[in-house]
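Novice: I have a structure I would like to understand better, so I am pasting it below and will then ask my questions one at a time.
The values are calculated or read from the model by the stated rules, or taken from the named source; none is laboratory data. Values in this document were obtained by computation on a predicted structure and should not be read as measured data. Note that we place each Cβ from the backbone using ideal geometry, even for glycine, and neighbour counts take in every protein chain shown.
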Amino acid sequence: MTEQVRVRFAPSPTGHLHIGNARTAIMNWIFARHSNGVFVLRVEDTDMERSSEVSEKSILQDLRWLGLDWDEGPEVGGEYGPYRQSERLDLYKKYTEQLLKSGHAYHCYCTPEELEAEKKQALAAGAPVMYSGRCRTLTQEQKQRFEAEGRKPVVRMKYPEQPLSFTDLVKGELSFPPESNGDFVIVRADGVPTYNFAVVIDDGLMRISHVVRGNDHVSNTPRQLAVYHALGWNLPAFAHIPMILGPDRTRLSKRHGATSVDMYAQQGYLPEALINFLSLLGWSSESGDEILSVQRLIEEFDFSRVSKSPAIFDVEKLNWMNGVYIRETDPARLAELCLPYLKKAGYKLPEQPVLEKIVAAVAKSMERLEDVIARAELFFTDDIQPENEEAARFLNKETTQKVFWSFLRQLDRIEVLNADTFRKIMKTVGQETGVIGKDLWMPVRIALTGQAHGPELPAVVEIFGKQRCYRLIKSRIIE
RNA sequence: GGCCCCUUCGUCUAGUGGUUAGGACUCAGGACUUUCAUUCCUGCAACAGGGGUUCGAAUCCCCUAGGGGUCACCA
């Protein structure tokens, strides 16, 4: 029987959920759901300086917003906990001692200053930059002398002298010669383990079957292999997914604009759209389809279709895709989603049915939910004025006044004004005045909305109602 | 600089020895329409370069160039 698939997403709580990390989380989650496996969330907070509870909270919130639920981890528990590295220190200690005893690791007393000097020298000489390993052979006396000086040692792993290799699910066979790494620190002077050590202990103990992570971790992998081997543990499968780059082909960062999930959420990107878009950065459906539901992503996901090369984050395409999702959203939910933005704009909100109509009227031209503020403004202001010269010109056409007069006459004869009756009115106005096309519609549009471009007039008019339309047209009549 | 990896339209990608190199976004043009938007149609646009292997290479091998990653008591 095949072993249960267990994957993990292991963010460090040092800020918001980054777009790149979000994509990693998404692929892990999708793969877990695809395989009927377990999705573990583990908080890598061994960097005491930079980690914070606030960050952890926000990352958890962003994951939930995306719809990525975890089966084990903070706030849900699980049998392989605890799920914060800061709460697993005794575990790391146990295995550190084991490695020390077995001779795979040793104490190193070099000071940061000494290391820095060594590094500078190597750099100047054009030699490879790595630790010399000189503390490997310290005698008892030397160690005691360092201790007496008050030096706190770190623990270093002896990097093996054989090539280290593994098979990556997306990149294939990968091999690293011994000279590609030196002895690396696994426990800091303060006793806290470093990433490359803790990650192995945790993945091993948590029975992680597939390590799915960003390509920036490829070069870390041989160091981790060394730990696995020293411990005599079985290797998980590795899958290194391509990185996400900015338009300038460098690592996606603040310079490129919004880089965290919460910023996209704020601007009004839908979680489904973000999931869909991010999934397609480095993966493609065999069908060639691009608009893919979460359900389909789960069904179709496969590492064999993950690309090896980095992908550039293209906001234009995200915008398009988000627009597709907005247009597919039913009016009730869309109204609900737009509500926070309308409130923020300070608009006086109407009844739910009217709100839904407003949102539906402008939805076609929206790429982000925040667009609703500008698009729907005309429904929330009483002061309708031509927005520019182009608009004002239609008001001054010689045929305009008779169109308005006719329009008001027709309006008087109607009970309720809705999209249908409005169309009928316009038809009659056209016949009565002999004015057609733009000259007929534009003056009405400008008088009612102030804008030469905007949502379909019948929809606008239905939302406005008879009173408001009457008033607005009347106000444009020159006696 | 050492080590590892990558390279198809501007961008995301399909493609696993024989295709008019396909799709999507963007852009341009057109149709629809009272405007914008939506929708639909059409078009522009790519195998980094050079050597091999082969009857035949985007597909296999080598070299060059370009790009990315990493070399922390960050993760």
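Novice: Could you tell me how many of the residues in segment A:122-145 are on the phi < 0 side of the Ramachandran plot, in a loop (DSSP other than H, G, I, E, B) and not β-branched (Val, Ile, Thr)?
Specialist: The qualifying residues number 6.
Novice: Conditions first: (1) at negative phi; (2) within 16 Å of the chain's Cα centre (by Cα). Residue A:15 passes all but one, so which condition is the exception?
Specialist: (1)
Novice: Could you list, ordered by first residue, the pairs with Cβ atoms under 8 Å in which the first is in segment A:116-145 and touching a residue at least 12 places away in the same chain (Cβ under 8 Å) and farther than 15 Å from residue A:180 by Cα and the second is acidic (Asp, Glu) and assigned to a loop (DSSP other than H, G, I, E, B), at least 6 apart or interchain?
Specialist: A:136/A:183
Novice: Among the helices (runs of 4 or more DSSP H) lying completely within segment A:162-272, list those that include at least 1 residues that are over 30 Å from the mean Cα position of the chain (by Cα) and among the hydrophobic types (A, V, I, L, M, F, W, C).
Specialist: Hits in segment A:162-272: A:221-231.
Novice: Within segment A:289-321, track down each residue that is under 24 Å from residue A:171 (Cβ atoms) and within 6 Å of RNA strand B (Cβ to nearest atom).
Specialist: A:305, A:307, A:308, A:309, A:310, A:311, A:312, A:314
Novice: Within segment A:329-375, how many residues turn out to be within 11 Å of RNA strand B (Cβ to nearest atom) and within 21 Å of the chain's Cα centre (by Cα)?
Specialist: Residues flagged as within 11 Å of RNA strand B (Cβ to nearest atom) and within 21 Å of the chain's Cα centre (by Cα) within segment A:329-375 amount to 3.
Novice: Return the residue satisfying two criteria in turn: it lies in segment A:214-259 and is within 15 Å of RNA strand B (Cβ to nearest atom) and of a type in the set (Gly, Ala, Ser), and of such residues it is nearest to residue A:167 (Cα to Cα). Don't jump to the end; show me each part of the working.
Specialist: Quick first cut of segment A:214-259, residues within 15 Å of RNA strand B (Cβ to nearest atom) only: A:214-227, A:238-257, A:259.
Retained after the next criterion (residues that are of a type in the set (Gly, Ala, Ser)): A:214, A:219, A:226, A:239, A:246, A:253, A:257.
Details: A:214: 15, A:219: 13, A:226: 15, A:239: 9, A:246: 29, A:253: 30, A:257: 36 Å.
My answer is A:239.
Novice: Does segment A:203-213 contain any residue that is hydroxyl-bearing (Ser, Thr, Tyr), more than 8 Å from RNA strand B (Cβ to nearest atom) and within 22 Å of residue A:8 (Cβ to Cβ)?
Specialist: Yes: segment A:203-213 contains one or more residues that are hydroxyl-bearing (Ser, Thr, Tyr), more than 8 Å from RNA strand B (Cβ to nearest atom) and within 22 Å of residue A:8 (Cβ to Cβ).
Novice: Tell me the residue from A:163, A:193, A:177 that is more than 24 Å from residue A:26 (Cα to Cα) and surrounded by 18 or more Cβ atoms within 10 Å (Cβ to Cβ), please. Give the derivation first.
Specialist: Details: A:163 fails: surrounded by 18 or more Cβ atoms within 10 Å (Cβ to Cβ); A:177 fails: surrounded by 18 or more Cβ atoms within 10 Å (Cβ to Cβ).
The match here is A:193.
Novice: Can you tell me which of (1) farther than 27 Å from residue A:331 by Cα; (2) modelled with pLDDT of 90 or more; (3) outside any helix (DSSP H, G or I); (4) not aliphatic (A, V, I, L, M) is the one residue A:387 doesn't meet?
Specialist: Against the list (1) farther than 27 Å from residue A:331 by Cα; (2) modelled with pLDDT of 90 or more; (3) outside any helix (DSSP H, G or I); (4) not aliphatic (A, V, I, L, M), residue A:387 comes up short only on (2).
Novice: What residue, among those in segment A:98-116 that are under 22 Å from residue A:147 (Cβ atoms) and among the small types (Gly, Ala, Ser), is nearest to the chain's Cα centre (by Cα)?
Specialist: Taking the candidates together, the pick is A:105.
Novice: Within segment A:370-382, which residues are in contact (Cβ under 8 Å) with a residue 40 or more places away in the chain and in a loop (DSSP other than H, G, I, E, B)? Break it down stepwise before answering.
Specialist: We begin by selecting, within segment A:370-382, every residue in contact (Cβ under 8 Å) with a residue 40 or more places away in the chain; these are A:370-372, A:375, A:378-379.
Residue satisfying the conditions is A:370 alone.
Novice: Could you tell me whether segment A:118-137 includes any residue that is surrounded by 17 or more Cβ atoms within 10 Å (Cβ to Cβ), at pLDDT below 95 and over 35 Å from the mean Cα position of the chain (by Cα)? Let's see the steps before the verdict.
Specialist: In the first step, residues of segment A:118-137 are kept if they are surrounded by 17 or more Cβ atoms within 10 Å (Cβ to Cβ); the result is A:131, A:135.
Adding the requirement that they be at pLDDT below 95 leaves A:131, A:135.
Now restrict to residues that are over 35 Å from the mean Cα position of the chain (by Cα): A:131, A:135.
Yes; the residues of segment A:118-137 include at least one that is surrounded by 17 or more Cβ atoms within 10 Å (Cβ to Cβ), at pLDDT below 95 and over 35 Å from the mean Cα position of the chain (by Cα).
Novice: Then there's this: Which of the numbered conditions does residue A:178 fail, given that it passes all the others? Conditions: (1) farther than 25 Å from residue A:311 by Cα; (2) out of contact with any Asp or Glu (no Cβ under 6 Å at 6 or more places or on another chain).
Specialist: (2)
Novice: May I ask you to list pairs of residues, at least six apart or on different chains, whose Cβ atoms are under 6 Å apart, with the first in segment A:348-369 being more than 23 Å from residue A:266 (Cβ to Cβ) and the second being within 14 Å of RNA strand B (Cβ to nearest atom)?
Specialist: So the pair list comes out as A:357/A:463; A:361/A:455; A:361/A:459.
Novice: Pick from A:115, A:100: which is outside any strand (DSSP E or B), more than 8 Å from RNA strand B (Cβ to nearest atom) and within 29 Å of residue A:45 (Cβ to Cβ)?
Specialist: After applying the criteria, what remains is A:100.
Novice: For the structure I just gave you, tell me whether residue A:151 is in a strand (DSSP E or B) and either in contact (Cβ under 8 Å) with a residue 12 or more places away in the chain or touching a His at 6+ places or on another chain (Cβ under 7 Å) (or both).
Specialist: Values: in a strand (DSSP E or B): no; either in contact (Cβ under 8 Å) with a residue 12 or more places away in the chain or touching a His at 6+ places or on another chain (Cβ under 7 Å) (or both): yes.
The answer is no for residue A:151.
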